[in-house]
Amino acid sequence: MENIQATLHKGPAVEASRPIKMTSKDVIVHYGAKQALNGITLDIPERQVTALIGPSGCGKSTYLRCLNRMNDTIDSAKVAGKILLDGEDVYDPDIDVVELRARVGMVFQKPNPFPKSIYENVSYGPKIHGLAHSKQEMDEIVHTSLRKAGLWREVHDRLDEPGTGLSGGQQQRLCIARAIAVSPEVILMDEPCSALDPIATATVEELIDELRENYTIVIVTHSMQQAARVSQLTAMFHLGDLAEVGPTEKMFSNPDDKRTQDYITGRFG
Ligand SMILES: Nc1ncnc2c1ncn2[C@@H]1O[C@H](COP(=O)(O)OP(=O)(O)OP(=O)(O)O)[C@@H](O)[C@H]1O
């Protein structure tokens, strides 16, 4: 616990009055007969990093996937309850899911660039969403996204080379550039550093800290040091329940719930 306290982010703590970007109310998820989430009610503050922590199998990824309806792609998954983005029900039948996933983008555990050039990896989303009307506009989007993802300096002279030829950390930042290219409001990250070495992890963590200026970020992480370093709000999941949510500093120094206390001191998980 002392170690984690030493790594706590020294930036501004979560502001009590921060506007709420996404809200979930009583979210229940079943995979077939198995219940994975038991009724999650959680507010995600705008332009902050919210970390989802908890032992393996407690439902963190399931919850994350509800936020942009990625669970729709799993046949056995049934989602109940409400999830609102700026007050709008993301499960409303009139919602265009492709549009929703542009507004609420996702970065996965394993970097997954398309087997295409660096340029095409970033331009693909803007192309299908019709965001550029000329080659010049597309170049601008691609270059800006790569800059925001902290990758421009490393790749600007080889945009035509395959994205899969980059290092793991660069590939993950390429995936972040790809998410940024369609101007998302929220970026969901499911253990984005678990396949990366410590140096690439530090670079991605610094990037997450910069990105929160413009984007709302929700990150699933197994690393409590990472949650402490990058997030302002931490939500602790346990066996499909939300055990506790609070400012990261408080969660790692003085949690209210015994399950959080036990988890962060390594008693289980
Ligand atoms: N596609 C699926 N089909 C059936 N059950 C699933 C599926 N995905 C997850 N589950 C189950 O739902 C529960 C929650 O899983 P989930 O992956 O959300 O947890 P997690 O906290 O993200 O775990 P981890 O930290 O190990 O990634 C687990 O019991 C898991 O086995």
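The values are calculated or read from the model by the stated rules, or taken from the named source; none is laboratory data. Because the structure is a prediction, the values reported are computed rather than measured. As a convention, Cβ positions derive from the backbone with ideal geometry for all residues, glycine included, and neighbour counts pool all protein chains shown. In case anyone asks, the SASA skips ligands and DNA or RNA and just uses the protein heavy atoms, side chains included. Shrake-Rupley method; radii C 1.70, N 1.55, O 1.52, S 1.80 Å.
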- Message: Between a residue in segment 63-82 that is within 12 Å of Ile28 (Cα to Cα) and any residue that is open to solvent by 60 Å² or more (accessible area, probe 1.4 Å) and more than 11 Å from the ligand (Cβ to nearest atom), which pairs come within a Cβ distance under 6 Å, given they are 6 or more apart or on different chains?
- Response: Gly81/Lys25; Gly81/Asp26; Lys82/Lys25
- List every residue pair whose Cβ atoms sit under 6 Å apart, with the two residues 6 or more apart in sequence or on different chains, where the first one lies in segment 17-34 and is touching a residue at least 24 places away in the same chain (Cβ under 8 Å) and the second, anywhere, is part of a strand (DSSP E or B) and among the acidic types (Asp, Glu). Ile20/Asp43; Thr23/Asp43
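Return the total of residues in segment 139-166 being in contact (Cβ under 8 Å) with a residue 40 or more places away in the chain and either on the phi > 0 side of the Ramachandran plot or open to solvent by 50 Å² or more (accessible area, probe 1.4 Å) (or both).
Taking segment 139-166 and keeping what is in contact (Cβ under 8 Å) with a residue 40 or more places away in the chain, we get 141, 148-150, 158-164, 166.
Imposing the further condition that a residue be either on the phi > 0 side of the Ramachandran plot or open to solvent by 50 Å² or more (accessible area, probe 1.4 Å) (or both) reduces the set to 148, 150, 158, 160-162, 164.
Within segment 139-166, residues that are in contact (Cβ under 8 Å) with a residue 40 or more places away in the chain and either on the phi > 0 side of the Ramachandran plot or open to solvent by 50 Å² or more (accessible area, probe 1.4 Å) (or both) number 7.
How many residues does segment 179-224 contain that are within 16 Å of the ligand (Cβ to nearest atom) and of a type outside the set (Ser, Thr, Tyr)? Let's see the steps before the verdict.
First, pick out the residues of segment 179-224 that are within 16 Å of the ligand (Cβ to nearest atom): 188-195, 218-224.
Those left that are additionally of a type outside the set (Ser, Thr, Tyr): 188-193, 195, 218-220, 222, 224.
Residues that pass the stated criteria total 12.
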- Which of the residues that make up segment 22-36 are touching a helix residue (DSSP H, G or I) at 6+ places or on another chain (Cβ under 6 Å) and open to solvent by 10 Å² or more (accessible area, probe 1.4 Å)? Ala36
- Looking at Ile176, is it open to solvent by less than 10 Å² (accessible area, probe 1.4 Å), in a helix (DSSP H, G or I), away from the ligand (no atom under 16 Å from the Cβ) and in contact with a strand residue (DSSP E or B) (Cβ under 7 Å, 6 or more places away or on another chain)? yes
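Can you give me the number of residues within segment 22-32 that are near the ligand (Cβ under 10 Å from one of its atoms) and on the phi < 0 side of the Ramachandran plot? First the steps, then the outcome.
Step one: list which residues in segment 22-32 are near the ligand (Cβ under 10 Å from one of its atoms), which gives 29-32.
Among the residues that remain, those that are also on the phi < 0 side of the Ramachandran plot are: 29-31.
Number satisfying all stated conditions: 3.
I'd like to know if segment 41-50 contains one or more residues that are of a type outside the set (Asp, Glu) and within 12 Å of the ligand (Cβ to nearest atom).
Looking through segment 41-50, none of the residues is of a type outside the set (Asp, Glu) and within 12 Å of the ligand (Cβ to nearest atom).
Do we have any residue at all in segment 92-106 that's within 15 Å of the ligand (Cβ to nearest atom) and aliphatic (A, V, I, L, M)? Lay out the reasoning, then the answer.
Filtering segment 92-106 down to residues within 15 Å of the ligand (Cβ to nearest atom) leaves 106.
Cutting the leftovers down to aliphatic (A, V, I, L, M) gives us 106.
Yes, segment 92-106 contains at least one residue that is within 15 Å of the ligand (Cβ to nearest atom) and aliphatic (A, V, I, L, M).
Test Pro111 against the stated conditions and say whether it is assigned to a loop (DSSP other than H, G, I, E, B), closer than 18 Å to Ile217 by Cα and open to solvent by 10 Å² or more (accessible area, probe 1.4 Å). Outline the logic, then answer.
Numbers: assigned to a loop (DSSP other than H, G, I, E, B): yes; closer than 18 Å to Ile217 by Cα: yes; open to solvent by 10 Å² or more (accessible area, probe 1.4 Å): yes.
Yes; evaluated as a whole, the condition is true for this residue.
Select, from Val155, Val107, Val122, Val142, the only residue that is of a type in the set (A, V, I, L, M, F, W, C) and in contact with a Lys or Arg (Cβ under 6 Å, 6 or more places away or on another chain).
Values: Val155 fails: in contact with a Lys or Arg (Cβ under 6 Å, 6 or more places away or on another chain); Val107 fails: in contact with a Lys or Arg (Cβ under 6 Å, 6 or more places away or on another chain); Val142 fails: in contact with a Lys or Arg (Cβ under 6 Å, 6 or more places away or on another chain).
Selected residue: Val122, the only one of Val155, Val107, Val122, Val142 that is of a type in the set (A, V, I, L, M, F, W, C) and in contact with a Lys or Arg (Cβ under 6 Å, 6 or more places away or on another chain).
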- Message: Among the residues that make up segment 185-208, is at least one of them touching a residue at least 24 places away in the same chain (Cβ under 8 Å), open to solvent by 10 Å² or more (accessible area, probe 1.4 Å), in a strand (DSSP E or B) and hydrophobic (A, V, I, L, M, F, W, C)?
- Response: no
- Message: Restricting to segment 57-103, name every residue that is open to solvent by 50 Å² or more (accessible area, probe 1.4 Å), charged (D, E, K, R) and assigned to a helix (DSSP H, G or I).
- Response: Arg65, Asp72, Glu99, Arg101, Arg103
